[in-house]
Amino acid sequence: MSEKLRVAMIGHGFMGAAHSQGWRVAPRFFDLPLEPAMQVLVGRSLDSTVAAAEKWGWAETATDWRAVIARDDIDVIDIVTPGDTHAEIAIAALEAGKHVLCEKPLANTVAEAEAMADAATHAATLGSRSMVGFTYRRVPATTFARDLVAAGRIGEIRQVRAEYLQDWLADAEAPLTWRMKKEQAGSGALGDIGAHAIDLVEYITGQSVDSVSGIIETIVKERPVLGSGSGLSGTAGEGRGAVTVDDIALFSGRLNSGALASFEATRFRTGRKNALRIEISGSSGALAFDLERLNELEYYDATQGALEQGFRRILVTEHDHPYLDAWWPTGHMLGYEHGFSHQVRDFVTAIADGTQPRPSFADGLHVQRVLDAVERSSAAGSTWVTTTG
């Protein structure tokens with residue numbers, strides 16, 4: 001790693017911590033072709049940005065993202081801000097010749113996502129690479145599931161079930177944050193966690209969601225206004241404010257092969273903390289994954305005799321499993337944060353190779369169209385809506 005890849009990260013909330021971990025750890029475990037340098041952390045408040053930079057290991061801080069993008073000594077812009085700022089920052093960065101990593105969902109609207117994808121396509125002709133942060137693609141078990149499907153191990157896909165279940169808003173007195181405001185977040189459970197379920201189904205199956213029929217609902221319509229602090233750690237302030245996004249989304253989808261899929265995204269599934277669960281049923285087998293047991297993959301081989309059939313657990317910790325040759329001895333578990341190191345590995349490698357990293361902004365645009373189709377279906381009484389642009 002002789003050549004530096006100087007990174008500026010814009011935003012420093014929950015995802016800022018996760019991305020910082022990825023940038024810091026990846027070059028210490030993987031043999032990267034370029035060396036990431038955590039150069040600048042950008043935030044609105046100088047004091048909180050300085051504190052975050054010191055904690056996570058960024059060399060400098062700034063409060064003006066436009067000035068940072070204009071700097072000649074910055075190569076990569078990593079965007080971990082709320083969704084309403086993604087398009088403006090990403091397009092400006094691509095036009096300035098920077099590589100861009102943007103957290104999901106890509107944008108708040110299809111129009112914004114289309115503008116971002118167009119900018120990415122043009123920037124790619126000039127050598128700039130862009131990628132969306134659908135990090136669960138990089139959990140070794142989900143990557144391995146993709147490999148098994150591609151190898152035909154479960155045969156023809158017939159049915160998919162995907163659900164992302166959380167309960168952090170089950171308390172009706174939990175304070176109002178930006179994630180509950182449509183003008184900042186774009187949507188609620190649908191875009192925040194449903195986007196992950198959509199992308200992961202498409203990634204593992206190699207298919208696309210072409211039409212949907214769904215319903216979204218806001219269960220708690222008002223919450224205490226957030227006072228001091230930030231994110232989920234803030235305290236209630238004066239009065240109450242309207243929740244303008246969904247708390248739960250339920251929808252059916254038809255894949256391009258004709259197979260049916262069911263999706264659920266909720267912040268109200270009491271007792272479930274971060275359960276992203278995918279089950280894919282095929283003509284000769286099935287696979288099941290649960291993020292709360294992220295080192296495991298369940299596999300059912302329907303070609304075995306009746307006396308031997310049943311789901312079996314595959315412990316995805318062997319060095320021949322995806323990403324794992326850089327980590328610990330067999331059986332030593334990985335955690336949530338490792339996906340962000342894998343994301344850095346893949347992004348940096350694509351930049352060095354001059355290839356398009358995945359998921360691309362075009363992939364992110366497609367997910368945005370699925371999210372939009374679900375909202376339109378719900379508004380029209382759960383009618384079937386196509387997702388094609």
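Here are a few things to note about the model shown:
- Antiparallel bridge percentage (DSSP; both residues within the chain; nearest 5): 60
- Here the extension length gained between Thr386 and Lys221 equals 56.5 nm, from 0.36 nm per residue of separation less the Cα-Cα distance.
- Charge dipole magnitude, Cβ of K and R +1, D and E -1 - region 4-136, Cα centre, debye nearest 20: 340
- Kirkwood radius for region 140-276, taken over all pairs of different Cα atoms as the inverse mean of 1/r, rounds to 16.2 Å.
- Region 4-136 - percent of accessible surface contributed by carbon and sulfur, probe 1.4 Å: 51
- Within the accessible area of region 284-389 (1.4 Å probe), percent carbon and sulfur: 49
- Computed [θ] at 222 nm, helices only, for the chain once each DSSP H run of length n ≥ 4 contributes -39500 (n - 2.57): -9500 deg cm²/dmol
- Inter-site label distance for Asp353 and Thr121 at 7 Å from Cα along Cβ, in nm: 2.3
- Shown in residue order for region 307-312 are the 3J(HN,Hα) couplings computed by the Karplus curve 6.51 cos²θ - 1.76 cosθ + 1.60 at θ = phi - 60°: 6, 10, 6, x, 5, 10 Hz (x for Gly and Pro).
- Area projected by the alpha carbon convex hull of region 4-136, averaged over all directions, nm²: 7.8
- Backbone amide hydrogens, once placed in the peptide plane, bring Asp78 within less than 5 Å of Ala8, Met9, Ile10, Leu101, excluding anything fewer than 5 places away on its chain.
- 3J(HN,Hα) along region 210-223: 9, 8, 9, 9, x, 9, 10, 8, 9, 7, 9, 8, 9, 9 Hz, from the Karplus curve 6.51 cos²θ - 1.76 cosθ + 1.60 with θ = phi - 60°, whole Hz, x for Gly and Pro.
- Across region 78-93, coupling constants 3J(HN,Hα) worked out from phi with the 6.51/-1.76/1.60 Karplus curve, θ = phi - 60°, read 10, 9, 10, 8, x, x, 5, 9, 4, 4, 4, 5, 5, 5, 4, 5 Hz, and Gly and Pro carry x.
- Per residue accessible area of the chain, 1.4 Å probe, in Å²: 42
- Listed residues Phe347, Thr63, Trp168: farthest to the positive end of the dipole of the chain (Cβ charges): Trp168
- Partners for Lys182 among lysines (Cα-Cα distance below 26 Å; same-chain residues under 8 apart left out): Lys104, Lys221, Lys273
- Overall Cα dimensions of region 287-382, principal axis frame, Å, largest first: 48, 44, 24
- Virtual paramagnetic centre 7 Å along Cα→Cβ of Thr303, amide N under 18 Å, in region 146-161: 146-158
- Projection of the Cα convex hull of the chain, averaged over all directions and equal to a quarter of that hull's surface, yields 19.6 nm².
The values are calculated or read from the model by the stated rules, or taken from the named source; none is laboratory data. Since we're looking at a predicted model, the values are computed, not measured. FYI the Cβ positions are ideal-geometry reconstructions off the backbone, even for glycines, and counts take in every protein chain you see. Ligands, DNA and RNA are stripped out before the accessible areas are found, and what is left, the full protein with its side chains, is counted by its heavy atoms. Shrake-Rupley method; radii C 1.70, N 1.55, O 1.52, S 1.80 Å.
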